[in-house]
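Enquirer: Before I ask anything, here is the structure I am working with.
Only the coordinates and a few stated rules stand behind these numbers; no lab work does. Values in this document were obtained by computation on a predicted structure and should not be read as measured data. Here the Cβ positions follow ideal geometry from the backbone for every residue, glycine too, while neighbour counts run over all protein chains shown.
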Amino acid sequence: MAYMETVSTTKKKQVVDITDDVEKLLLKHKAENGLCHVFALHTTSAITTADLDPGTDLDMLDAFEQIVPKLKYRHPHNPEHVPDHIMSSIIGPGVLVPVHEGELKLGTWQRVVLIELDGPRKRNIAVTFLKS
């Protein structure tokens, strides 16, 4: 079953912790054991997991900026935001997390995060639970 969630971002580039939102959906829909897929329905945002110690979000954003070269891009809509599309593709639109007894099975410091690359915006997230 897939559920939609909206995440509002407040900055041009931002890391947003959505773990609690996803877990609330699992609880609301009585998901027990299986897999949870979280997917961003946009080409300038991404979903991944991260350690969110203070400053790590900014370190991640800085690293992503360094990965994408400064080129003369040809995107007809807006060449200046091609790096956002590329970063989104590199990071990926979704993540798959095991669920046990209704809770995401994440590592000690792992959180599910939305990476905003072209905000601020309202981002639509699809959360799908697959029973095992």
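Enquirer: If you fit an axis through the alpha-carbon atoms of helix 82-91 and take the longest principal axis of the Cα set of the chain, what angle between them do you get, 0 to 90°, nearest 10?
Expert: For 82-91 against the chain, the angle is about 30 degrees.
Enquirer: For the chain, modelled as a Gaussian network with Cα springs under 10 Å, which listed residue fluctuates most, 119, 107, 92?
Expert: Comparing 119, 107, 92 in a Gaussian network model of the chain, the most mobile one is 107.
Enquirer: Please build a GNM for the chain, connecting alpha carbons under 10 Å apart, and tell me which residue among 63, 31, 40 fluctuates the most.
Expert: Sorting by GNM fluctuation, first place goes to 63.
Enquirer: Nearest 20 debye, what's the magnitude of the dipole of the chain about its Cα centre given +1 on Lys and Arg Cβ and -1 on Asp and Glu Cβ?
Expert: Around 540 debye, computed over the chain.
Enquirer: Here is a follow-up. When a footprinting reagent is the concern and you count Cβ atoms within 10 Å, what order do 39, 129 take, fewest first?
Expert: Fewest-to-most Cβ neighbours within 10 Å comes out as 39, 129.
Enquirer: So what are the ³J(HN,Hα) numbers for the range 3-13, from phi and the Karplus equation (6.51, -1.76, 1.60; θ = phi - 60°), rounded to whole Hz, Gly and Pro as x?
Expert: With coefficients 6.51, -1.76 and 1.60, one gets 10, 9, 9, 10, 10, 9, 9, 10, 10, 4, 10 Hz.
Enquirer: Take the Cα coordinates of the range 2-131, assign each an equal point scatterer, and use the Debye formula without solvent to give log10 I(q)/I(0) at q = 0.09, 0.15, 0.20 Å⁻¹.
Expert: Taken in order of the listed q values, log10 I(q)/I(0) reads -0.27, -0.70, -1.12.
Enquirer: Mind checking which lysines have their C-alpha under 26 Å from residue 122, skipping anything on the same chain fewer than 8 residues away?
Expert: Here the lysines satisfying the reach criterion relative to residue 122 are 11, 12, 13, 24, 28.
Enquirer: By how many degrees, between 0 and 90 and to the nearest 10, does the Cα long axis of helix 19-28 differ from the longest principal axis of the chain?
Expert: 40 degrees
Enquirer: In deg cm²/dmol and to the nearest 500, what is the mean residue ellipticity at 222 nm of the chain if only DSSP H runs of at least 4 residues count, each as -39500 (n - 2.57), divided by the residue total?
Expert: -7500 deg cm²/dmol
Enquirer: Pick out which of 54, 83, 98 has the largest mean-square fluctuation in a Gaussian network model of the chain, springs linking Cα atoms closer than 10 Å.
Expert: Looking only at 54, 83, 98, the largest GNM fluctuation is found for 54.
Enquirer: Angle between the Cα long axis of helix 56-67 and the longest principal axis of the chain, 0 to 90 degrees, nearest 10?
Expert: Its long axis makes an angle of about 50 degrees.
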